[in-house]
Structures are given as structure tokens and as C-alpha cells.
Amino acid sequence: MSVDTLRIIVNYPVIPYTRMTQRGRWVQERAIRYLGNQRLLGWHMRLALGDTPIPVFDKDKRLKLDVTFTGAFWRGDTTNYLKAVEDAANGILWNDDRQIDWACGIRKHGPGHEVVIEVGEIQQ
């Protein structure tokens with residue numbers, strides 16, 4: 001299946017990307033929290049997609065990604081939040097985040113946790 005654009009809203013907090021070693025993913029508390037958040041964030045993405053087949057975008061498509069984070073995002077920088085969404089969406093929205101040629105993340109302070117993910121194909 002191929003789509004031109006996709007917009008989904010996920011009402012779930014994002015833990016920013018955490019660097020880890022192979023061993024660290026099993027013993028570092030921050031790494032364990034991050035990986036757990038990745039699984040739940042991916043689950044929320046699947047839920048928002050409903051009956052849409054996954055991955056949504058074919059592996060030969062080049063993609064543009066816009067993500068708007070709304071909430072109390074004080075830890076980590078915007079690029080680490082963006083990387084967390086890219087990692088969680090692997091195999092769900094696209095096959096691999098290497099397909100993303102353009103990415104933009106915007107962080108807004110506000111109540112609750114809302115992540116608006118907009119993905120579109122870049123015409124070649």
C-alpha cells in the first residue's frame with residue numbers, strides 16, 4: 001500500500017532518545033525506561049492507525065517528517081524527542097528511519113501530552 005500523506009495524533013508522553021551500549025540496554029535504568037516507552041509509543045501509533053496496513057509507507061519512498069510535541073517537555077532537547085519518535089515508528093509508519101530525508105520537530109509547552117506526527121512522501 002502507498003499513501004501520499006499521513007497525520008496521526010498520539011496522546012502519550014515521549015521519553016527523549018537515550019544513548020546506550022549493547023550491555024547498557026539491559027542494566028541502565030534510563031535505557032530500560034526509554035525502550036519501554038518506545039514499545040508503548042509504537043502501540044499508540046498502531047492504535048491511531050486503526051485498520052491501516054503497516055508499515056504505511058513503502059520502503060522505496062523518501063519521506064518528510066514533521067512532529068509537534070505539546071506538553072511539559074523540559075528534559076532533553078527537541079532533536080532527542082524527534083529521534084525517539086523516529087525509532088518508535090520503525091516498522092509501523094515506515095520500514096526504517098533512513099527513509100526520512102527531511103525532519104522537523106517543534107516543542108510547545110502546554111497541558112497534557114500530545115504528539116502530532118505528519119509524514120509525507122517527497123516527490124523525486
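Looking only at segment 14-70, filter to residues that are part of a strand (DSSP E or B) and within 13 Å of residue 84 (Cβ to Cβ); which one of those is modelled with the lowest pLDDT? So the residue we want is 69. For residue 116, the conditions (1) β-branched (Val, Ile, Thr); (2) modelled with pLDDT under 95; (3) part of a strand (DSSP E or B) are fulfilled apart from (2).
Once segment 30-67 is narrowed to residues that are closer than 12 Å to residue 13 by Cα and polar (S, T, N, Q), the residue that is surrounded by the most Cβ atoms within 10 Å (Cβ to Cβ) is 38. Would you check if residue 122 is modelled with pLDDT under 95 and buried (at least 17 other Cβ atoms within 10 Å of the Cβ)? Taking the combined requirement at face value, the residue does not satisfy it. Could you tell me whether any residue of segment 92-113 is touching a Gly at 6+ places or on another chain (Cβ under 9 Å), within 20 Å of residue 40 (Cα to Cα), of a type in the set (Asp, Glu) and surrounded by fewer than 18 Cβ atoms within 10 Å (Cβ to Cβ)? No, there is no match, as no residue in segment 92-113 is touching a Gly at 6+ places or on another chain (Cβ under 9 Å), within 20 Å of residue 40 (Cα to Cα), of a type in the set (Asp, Glu) and surrounded by fewer than 18 Cβ atoms within 10 Å (Cβ to Cβ). State yes or no: is residue 71 closer than 20 Å to residue 11 by Cα, exposed (fewer than 15 other Cβ atoms within 10 Å of the Cβ), touching a residue at least 40 places away in the same chain (Cβ under 8 Å) and in contact with a strand residue (DSSP E or B) (Cβ under 8 Å, 6 or more places away or on another chain)? Answer is no for this residue.
The values are calculated or read from the model by the stated rules, or taken from the named source; none is laboratory data. Quick caveat, the model's predicted, so the values are computed rather than measured. In this analysis, Cβ positions are derived from the backbone assuming ideal geometry, glycine residues included, and neighbour counts consider all displayed protein chains.
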